[in-house]
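What follows is a set of notes on a single structure, which appears directly below.
Computed from the coordinates by the stated procedures, all read-outs in this text should not be read as laboratory data. Remember, it's a predicted structure, so these values are computed and weren't measured experimentally. Reconstructed Cβ throughout: ideal geometry from the backbone, glycine too, with neighbour counts over all protein chains shown.
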Amino acid sequence: MNYGSTIMATDWSSPDWRDKLLKKTLFFIPAANPHAEPQFPKVKKWLLEVDDDGTPLREVGLDAEGSPIFRMLDGDDYGFWSDSNVSFTKENLTLIAAAEFEDAWRKAKKADPVGTDHDRAAPSRF
């Protein structure tokens with residue numbers, strides 16, 4: 001496992017009336033990240049756990065103060081990065097210690113306890 005941070009995908013804008021209308025119109029399509037997605041505009045940094053191939057397994061969104069807002073894969077939230085085709089390397093991640101990631105993972109559970117109560121690594125996607 002590798003652990004790192006990135007500021008990619010931290011330039012979200014708050015949804016305007018068109019976004020809200022579209023969401024209401026398409027209410028019958030399940031959201032990939034129903035609990036975390038409304039918090040995406042607050043994310044200023046992502047902490048990631050990636051496998052040796054660079055595939056994201058777990059992720060924590062941090063706010064401007066560096067506090068964890070939410071964690072994903074957790075409950076109904078599939079993950080922003082783990083549900084994408086992005087592969088991370090040492091060149092596009094700032095490496096962090098595993099302990100730093102695990103600490104943020106635990107704190108994110110306390111900050112947003114909506115997900116399930118598991119504190120384990122993400123299950124295999126296969």
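For the residue pair residue 98 and residue 8, what label-to-label distance in nm results when each label sits 7 Å from Cα along the Cα-to-beta-carbon direction?
2.4 nm
Would you grab the residues whose amide H sits under 5 Å from the one on residue 70? Only those 5+ places off in sequence or on another chain, please, with H modelled 1.01 Å from N.
It is 61, by chain and number.
Where does the charge balance sit around residue 2 when Lys and Arg score +1, Asp and Glu -1, over other residues with C-beta under 11 Å from its C-beta? Please report the intermediate quantities before stating the final value.
Numbers: positive: 90; negative: 49, 51, 52, 53.
Taking every Cβ under 11 Å from that of residue 2, the sum is -3.
Taking the Cβ of residue 47 as the center, what net charge do the other residues with Cβ under 11 Å away carry, scoring Lys and Arg +1 and Asp and Glu -1? Please list the in-between numbers first.
Values: positive: 45, 58, 71, 107; negative: 49, 59, 100, 102, 103.
Net of charged neighbours comes to -1.
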